[in-house]
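Undergrad: Pasting in a structure now, in structure tokens, and then I'll have a few things to ask.
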Amino acid sequence: IRHHGMTTPHYHYIIMSLEADRIDMRFFRYGGVNVTYFLPRSIHRMDLSVDPATTDRLSLPSFQKKALADALSIYMRAIMTLDESARAEILHASDNEDNFDHLKIECRAKDKNHPHEAFGENLFNVMKTISFDGYSGYVSFNEYGERINYTLNIYQVTMNKLPRNIGNYTHDQFYMDDLKGFEGRQAHDFDKARERIITTILVCV
């Protein structure tokens, strides 16, 4: 796009990818083009030895890897919760039962005629109650298993500047911390007596 003169202030690119941090934004700096992208807010990094400022962008962990790590964490947390629940419900044999091995965990129900619920359903119900700060952002679910309570940071590249965080939004709210970037860009456009801005949404797969 730079070779076709599409990096001037009259172009605005919105990158619809949660892996925009793996793109070298220096490519967009020259010419005053405006770029907006979103990244999940997370307090954790997968590899503390990697400096995002100096590391090759493509070498950074992908969002898929972060989500997979969080998925495994959810699964293990749910399994541990079910295990603790099952241990709490174990019926201890009476002291008079000489043949009972107390080192074994036996699957016995108080009411032997009561059917056991499907393990998968129990696991899913427990997973929906789990919440924690993960690599892909805050992990929490609603009753349908849809992810909620997440926060996406909004980043902007404009006026030959490197990316900066200008705000954030959740699933139902939007916040802007600094409008100076937009105000400066509008003044820059009007100085050239050209008000048209071409906005392109880039979907990165």
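Undergrad: Just the residues that are more than 13 Å from LEU58 (Cα to Cα), buried (at least 16 other Cβ atoms within 10 Å of the Cβ) and touching a strand residue (DSSP E or B) at 6+ places or on another chain (Cβ under 8 Å), please, taken from segment 16-37.
TA: Result: SER17, LEU18, PHE28, ARG29, VAL33, ASN34, VAL35, THR36, TYR37.
Undergrad: Report whether or not GLY5 is surrounded by fewer than 13 Cβ atoms within 10 Å (Cβ to Cβ) and more than 19 Å from LEU152 (Cα to Cα).
TA: yes
Residue-by-condition table, conditions (1) surrounded by 14 or more Cβ atoms within 10 Å (Cβ to Cβ); (2) modelled with pLDDT of 90 or more; (3) over 19 Å from GLU143 (Cα atoms); (4) in contact with a strand residue (DSSP E or B) (Cβ under 7 Å, 6 or more places away or on another chain):
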position	(1), (2), (3), (4)
ALA53	no, no, yes, no
LEU60	yes, no, yes, no
THR81	yes, yes, no, no
ILE90	no, no, yes, no
ASN96	no, no, yes, no
ASP101	no, no, yes, no
ALA118	no, no, no, no
LYS128	yes, yes, no, yes
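The values are calculated or read from the model by the stated rules, or taken from the named source; none is laboratory data. Since the model is a prediction, treat every value here as computed from it, not as a measurement. So basically every Cβ, Gly included, is an ideal-geometry build from the backbone, and we count neighbours across all protein chains shown.
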